[in-house]
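Notes follow once the structure below has been shown.
The values are calculated or read from the model by the stated rules, or taken from the named source; none is laboratory data. Every value quoted in this text rests on a predicted model; they were computed, and no experiment measured them. Every residue, glycine as well, gets a Cβ built from its backbone with ideal geometry; the counts of neighbours run over all protein chains shown.
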Amino acid sequence: MIDVKINDGIAVLTLMHGKANALDLEFCEALAARFQELRGSAAKAVVITGQGRMFSAGVDLKRLSEGGADYIRKFLPVLHKLYDTVFFHPKPVVAAINGHAIAGGAVLAACADRRIMARESGRIGVTELLVGVPFPALAFEIVRFAVPPYFFSETILSGETFAADVAAHRGWVNEAVAPALMMERAMAAAQSLAALSPPAFAQTKMQIRQAVSERMAASGQATDKKVTDIWTAPATLDFIRDYVARTLKK
């Protein structure tokens, strides 16, 4: 599912879960476990990337629609744990976005401290409302954290996806680069952040993300209860199945 290599002190995690790196229960658990392990490792920073033209297509909607409400109730807490583990990881995290990063995959990329996206290799954006589901509380807060306020509401409500240069303009990514330069730039960003004092970096990162922690503490649990009710409603599952059927025909 995940290939882990250490390159000059940087842990490079390559997502290798099927064709789309779709987020299902087992993949989320495995990726969260890798990040937990890296907390206590000698790695100074983490670079996360995919293969070919796919970073991650987001939540595995086919698995979700087949599993129904029971699967969703198990899956959403695991998805939350993945985002929490990556977003609040104390070491520098860089996303090398090699291809499409859609919906939950875009949120995963947004967990990183720096995002480097390859041009002409894919698109990035959150399509949750097009699928018919609201954002889990932490996913919503991560997108709000990553996307500048001017673009935030439009980004969320439109479900639009963006090419690398447009994504850089709108704040989804920090850099749009030629595909051949993506990993070089991602590694350079990771090395630059890793050169900082680790305790100082970890504390500063926590402070930068403090507003997210506070909003989650204040209303995250109540929001996620409402979100789960909507995701597991029969009408929502019908909407998802219809979306999957229409999308697979393309």
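Looking only at region 32-59, count every residue that is in contact (Cβ under 8 Å) with a residue 40 or more places away in the chain, in a loop (DSSP other than H, G, I, E, B) and farther than 15 Å from Ala110 by Cα and tell me the total.
4
The residues of region 143-187 that are without any contact (Cβ under 8 Å) to a residue 12 or more places away in the chain, surrounded by 15 or more Cβ atoms within 10 Å (Cβ to Cβ) and under 24 Å from Val47 (Cβ atoms) amount to a single one, Val166. Here region 212-232 is the region considered, the condition is being without any contact (Cβ under 8 Å) to a residue 12 or more places away in the chain and either touching a Lys or Arg at 6+ places or on another chain (Cβ under 9 Å) or among the aliphatic types (A, V, I, L, M) (or both), and the residue that is farthest from Val86 (Cα to Cα) is Ala222.
For every residue, the table says whether it meets (1) in contact with a helix residue (DSSP H, G or I) (Cβ under 7 Å, 6 or more places away or on another chain); (2) at pLDDT below 95.
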site	(1), (2)
Glu29	yes, no
Gly40	no, yes
Lys44	yes, no
Gly50	no, no
Ser65	yes, yes
Asp70	no, no
Arg73	yes, no
Leu79	yes, no
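Please tell me if Ala95 is in a strand (DSSP E or B), in contact (Cβ under 8 Å) with a residue 12 or more places away in the chain and within 15 Å of the chain's Cα centre (by Cα). Considered against the rule, which asks whether it is in a strand (DSSP E or B), in contact (Cβ under 8 Å) with a residue 12 or more places away in the chain and within 15 Å of the chain's Cα centre (by Cα), Ala95 comes out as yes. Looking at Ala168, Ala178, Ala164, Ala137, just one residue is out of contact with any Asp or Glu (no Cβ under 8 Å at 6 or more places or on another chain) and among the hydrophobic types (A, V, I, L, M, F, W, C), and that residue is Ala178. Listed by first and then second residue, the pairs with beta-carbon distance under 6 Å, at least 6 apart or on different chains, first residue in region 1-13 and charged (D, E, K, R), second modelled with pLDDT of 95 or more and part of a strand (DSSP E or B), are Asp3/Thr14; Lys5/Val12.
Every residue, every condition in (1) over 15 Å from the mean Cα position of the chain (by Cα); (2) surrounded by 13 or more Cβ atoms within 10 Å (Cβ to Cβ), yes or no:
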site: Gly9; (1), (2): yes, no
site: Asn21; (1), (2): no, yes
site: Glu29; (1), (2): no, yes
site: Phe55; (1), (2): no, yes
site: Arg63; (1), (2): yes, yes
site: Ile72; (1), (2): yes, yes
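Among Leu79, Leu13, Leu61, which is in contact with an Asp or Glu (Cβ under 9 Å, 6 or more places away or on another chain) and of a type in the set (A, V, I, L, M)?
Working: Leu79 fails: in contact with an Asp or Glu (Cβ under 9 Å, 6 or more places away or on another chain); Leu61 fails: in contact with an Asp or Glu (Cβ under 9 Å, 6 or more places away or on another chain).
None of the other options fit; the residue is Leu13.
Can you confirm whether Ala139 is within 27 Å of Lys44 (Cβ to Cβ), of a type in the set (Gly, Ala, Ser) and either part of a helix (DSSP H, G or I) or in contact with a strand residue (DSSP E or B) (Cβ under 6 Å, 6 or more places away or on another chain) (or both)? So Ala139 fails the test.
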